[in-house]
1. Rank these for me by crowding, Tyr304, Tyr71, going from fewest to most other beta carbons within 10 Å.
2. Within region 57-99, what residues put their amide N at less than 20 Å from the label point 7 Å along the Cα-to-Cβ vector of Gln111?
3. Quick check: net charge around Asp221, other residues with Cβ under 13 Å of its Cβ, Lys/Arg +1 and Asp/Glu -1?
4. In nm, what is the difference between 0.36 nm times the number of residues separating Arg164 and His335 and their Cα-Cα distance?
5. So how far, in whole Å, is the C-alpha centre of region 45-84 from the one of region 260-339?
6. Return the loop-located GluC sites (Glu not before Pro) in region 103-169 (DSSP other than H, G, I, E, B) with at most 13 other Cβ atoms within 10 Å of their own Cβ; answer none if there are none.
7. Which label marks the calculated value of Rg and Dmax of the Cα atoms in Å, given the options (1) 19.9, 61; (2) 21.4, 70; (3) 28.3, 87?
8. May I ask you to list the GluC sites (Glu not before Pro) in region 37-113 that are in a DSSP loop and have at most 12 other Cβ atoms within 10 Å of their Cβ?
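Computed from the coordinates by the stated procedures, all read-outs in this text should not be read as laboratory data. Predicted, not measured: the structure shown is a model, and the values here were computed from it. Positions of Cβ are generated from backbone atoms using ideal geometry, with glycine treated the same way; all protein chains shown enter the neighbour counts.
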Amino acid sequence: MNIINKLFDEQFVINLFKKRVLPEYPNFNNIKRVEIIPCKKYIWEETYHVVIEFKTFFTNKEGKAKKLSIYCSAHSNEPRKNVYDGLKFLWNHGFNKGYLSIPHPLFYSHQFKAIFYRGANGRNLYRFIREKNLKEIKEIIPKAAAWFAKLHKIQTKNAHNFNRKNSRIETVIPGIEHILERIKEHYEEYYEDYKKMHEIFNKKEKDFFASTAKRWLVHGDAHPENIIKMSKRKIAVIDFTDLCLSDFARDLGAFTQQVEFMCNRKIGNPEYARKIKDLFLENYLHCSKIILNNSLKERIDNYYNWTAIRTATFFLLKYNPEPERARPLIDKVRHNLKI
């Protein structure tokens, strides 16, 4: 039997949580029951990739019950220890309080190669974009900017590089060489431009890193689906698989490209999309107390273009390709880079 199936056994989970989770909540003295809800369930003979919600019913000494949602993310071939370590580091450096939050890391299991955490309950920014809820979008964007400013202010002297491969464009999985090989095989008409683009992206990043030893903690996957509105005042950011030490401009370029792209597609108003992109950047600069000089703008633009090409690559190489969605992104980057 695949070991991960144990996490679908209620009594096993209750016993596990009594040992690993209950001590974290001194106001409770027992766990009465657990509802197990698979969010993602891919289980093969020996391998697996699962995300599970455990609706956990705690009781206090008076017998009163409180339900808390605890999540598990586990992958047989990709241990989540770096995600747990990253979340724990952030939790201990200011993200455990206030209105700019993250999921609460509870424990890591070597047995299941899994991280267990309290989820960030709410609706993501992309849903509001899809619904054309302009009021909510306008309210969330400045909070998202403040969240990234808070992340980038953390001193990294004692920070571990939680995902070293993700720190540089050159080594981000699956790697430039692999991408170029696939493009040449399936879309030869794009190959030369793709090669030139990645040479530009890589050189600009290397030039900056050669100019300074400073690195910042970056989220590494900044886009609207990872921004969660938890309440009127509180937001959280999720998905820390790509958390690493790099150039903070990467988060800015990635988020501005993705929010503009998604607003364009779902709202259909390029001027509005540009304003939302600018609103994010203006609020970020204000919260960070930094000035947008030419050097920073060039770095943001570099990551903006790189993110656009990553998105285009996804459309080109996914299981059911959508090359018609990739072409406008490629053409825009060609124009930006004067290729």
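1. Details: Tyr304 23, Tyr71 20.
With the fewest neighbours first, Tyr304, Tyr71 line up as Tyr71, Tyr304.
2. 57, 70-82, 84-85
3. Details: positive: Arg250, Arg310; negative: Glu225, Asp239, Asp242, Asp251.
Net local charge, Asp221 excluded: -2.
4. Details: separation 171, 0.36 × 171 = 61.56 nm, distance 3.17 nm.
Residue separation times 0.36 nm, minus the Cα-Cα distance, leaves 58.4 nm.
5. That distance is 35 Å.
6. Working: sites: Glu131, Glu136, Glu139; in loops: Glu131.
Sparse-neighbourhood loop GluC sites (Glu not before Pro): Glu131.
7. So the calculated entry is the one marked (2).
8. Numbers: sites: Glu45, Glu46, Glu53, Glu62; in loops: Glu45, Glu46, Glu62.
When the GluC sites (Glu not before Pro) of region 37-113 are filtered for loop state and at most 12 Cβ neighbours within 10 Å, Glu45, Glu46, Glu62 remain.
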